[in-house]
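Shown below is the structure under consideration.
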């Protein structure tokens, strides 16, 4: 997603946004097509449910369309849209936490194509351990890891979407990785002992 939603201004996308602001509803369709896959992947990383991820992505686009008249077309679309999607995902997490349900990336894991049963099992176990660690992190740590490690955004793009300096991105990411590593140590030790039996 980082390559498709770079923080540089896209003249074609700017033209579509201007047409939307002039009342041409159909011009929003190509914008959705450009960003839907990345938006759904981001929401899936938060929710662990393909259905919920699609619902949240669609709602984010609906809200973006309703607010498009207030958008500054001299700025890139994705960072602005991301904040809408991010708020929806955080609200989802708050509801899940109240229900004592911690989202995990199960749907994505089951949908992935893996080579060979042994390799597939090992990779599933490794991913499971990573997500067991990620789901125990705070929202800020989880978010920056998802943006960098799973969405592939550059430091500059993360700085743009989170509206923070690039140096802060690097610092937060370093801290989040250390916290994740600390979460993974007992999980990996347990996984090793299980394999040795």
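The numbers here are math on the coordinates, done by the rules we state, and not lab data. Worth saying up front: this structure is predicted, and the values here are computed from it rather than measured.
Note the full-extension length gain between residue 177 and residue 154 as 0.36 nm times their separation in residues minus their Cα-Cα distance, in nm to one decimal.
Numbers: separation 23, 0.36 × 23 = 8.28 nm, distance 1.59 nm.
Result: 6.7 nm gained on full extension.
According to the square roots a ≥ b ≥ c of the eigenvalues of the Cα gyration tensor, what is the shape class of segment 1-92, taking rounded for a/c under 1.5, prolate for a/b larger than b/c otherwise, and oblate for the remainder?
Working: a/c = 1.98, a/b = 1.62, b/c = 1.22.
In terms of gyration-tensor shape, prolate.
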